[in-house]
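The values are calculated or read from the model by the stated rules, or taken from the named source; none is laboratory data. What you see is a predicted model, and the numbers here were worked out from it, not measured in a lab. When we count neighbours, we look across all protein chains shown, and the Cβ atoms used for this are built from the backbone with ideal geometry, even at glycine.
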Amino acid sequence: GIQVEQSPPDLILQEGANSTLRCNFSDSVNNLQWFHQNPWGQLINLFYIPSGTKQNGRLSATTVATERYSLLYISSSQTTDSGVYFCAVRISSGSARQLTFGSGTQLTVLP
Amino acid sequence: GAGVSQTPSNKVTEKGKYVELRCDPISGHTALYWYRQSLGQGPEFLIYFQGTGAADDSGLPNDRFFAVRPEGSVSTLKIQRTERGDSAVYLCASSLGQTSYERQYFGPGTRLTVT
C-alpha cells in the first residue's frame, strides 16, 4: 500500500516562531488532507489540498503532487497550535476510498 | 449545520464484553467511514459504507468486528468479546459520496478502554 511519511516527528517552538511540516507519499494521490489533533483528541480539518496552495489565516499548505509531497506552514505560532498534525492521502489508482494517514508531527509551542 | 457526531464519547468495558459505538454522519452524506486510532499512531481504516452497504471492509481486524448502516444514515460499529488490544479511539468520517477523492469530515471519536 501507499506509504506516508511525516517529518519531523517532534517539533518544539517558542511562541511566535514559524515552522514547516512535511508530508511525503509514495504514490500518486487525488486526495490529501491536513488535520490538527488537539490535546483533547479532536481531529480538526485544516486543508483539503490534493494540489496547489491554500492559505487560512496563519496557516498555509502547498502540495506538489508530481513530486509527491505536501508542506504545512505555520506562522507566528501560538500555544493553541500545540498538538499532533496529520497528513492523510487517498491513492489515485484503484477503487479504495479510504485515507491513509502518516504517523504525525507532534508540535509543542512554548509560551 | 451539524458535523459528524459520535456516541458515547468514552466507553469503558470489561474484557469479553460486547460494545456498540454509534456514528451520525453529516446530513446528506452517503459515504461513511470508520477508522481506529491507537495511542501514538495515525488513524487506520476499518470499513467504508456507500449508502446501506459495506463497500469495503478490508480494514476490519477480525470477525469480532462488525458494522451496520441499515438506513443509509446512522452507523453502528459492533465489537464482540472485547480484548484489551481493542482499546483505542474509534473515529467516524463522512463524505458526500459522489467522488472517490472528496473531502472526508471526521467526528470527535469514541475512546474505548477495555479493562
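Structural remarks
- Evaluating B:N62 against the criteria (1) without any contact (Cβ under 8 Å) to a residue 12 or more places away in the chain; (2) surrounded by 17 or more Cβ atoms within 10 Å (Cβ to Cβ) leaves one unmet condition, (2).
- Test result for A:T66, out of contact with any strand residue (DSSP E or B) (no Cβ under 9 Å at 6 or more places or on another chain) and either closer than 23 Å to A:I2 by Cα or part of a loop (DSSP other than H, G, I, E, B) (or both): yes
- The listed residues are B:P61, B:P43, and the only one of them that is at pLDDT 95 or above and under 15 Å from B:G85 (Cβ atoms) turns out to be B:P61.
- Candidate set from the range A:57-80 (those that are within 25 Å of B:C92 (Cα to Cα) and of a type in the set (S, T, N, Q)); member that is modelled with the lowest pLDDT: A:T80
- Assessment of the range B:52-59 against the conditions (in contact (Cβ under 8 Å) with a residue 12 or more places away in the chain, among the hydroxyl-bearing types (S, T, Y), within 14 Å of chain A (Cβ to nearest Cβ) and farther than 25 Å from A:Y48 by Cβ) yields no matching residue.
- Sole exception among (1) more than 9 Å from chain A (Cβ to nearest Cβ); (2) over 28 Å from A:V84 (Cα atoms); (3) touching a residue at least 24 places away in the same chain (Cβ under 8 Å); (4) surrounded by fewer than 17 Cβ atoms within 10 Å (Cβ to Cβ) for B:E83, by number: (2)
- Residue list for the range A:17-53, filter: facing chain B (nearest Cβ under 9 Å), crowded, with 20+ Cβ neighbours inside 10 Å and aromatic (F, W, Y): A:F35
- Some residue of the range B:8-30 being within 12 Å of chain A (Cβ to nearest Cβ), under 16 Å from A:R90 (Cα atoms) and part of a strand (DSSP E or B): no
- Counting only residues that are more than 10 Å from chain B (Cβ to nearest Cβ) and either among the basic types (K, R) or under 16 Å from A:Y48 (Cβ atoms) (or both), the range A:65-88 holds 6 of them.
- Summed over the range A:82-111, residues that are within 17 Å of A:R22 (Cβ to Cβ) and touching a helix residue (DSSP H, G or I) at 6+ places or on another chain (Cβ under 8 Å) total 1.
- Considering the conditions (1) among the small types (G, A, S); (2) within 11 Å of chain B (Cβ to nearest Cβ); (3) surrounded by fewer than 22 Cβ atoms within 10 Å (Cβ to Cβ); (4) in a strand (DSSP E or B), A:S60 is excluded by exactly one of them, (2).
- Residue within the range B:102-111 that is outside any strand (DSSP E or B), of a type in the set (S, T, N, Q), within 29 Å of A:N30 (Cα to Cα) and out of contact with any Leu (no Cβ under 9 Å at 6 or more places or on another chain) present: no
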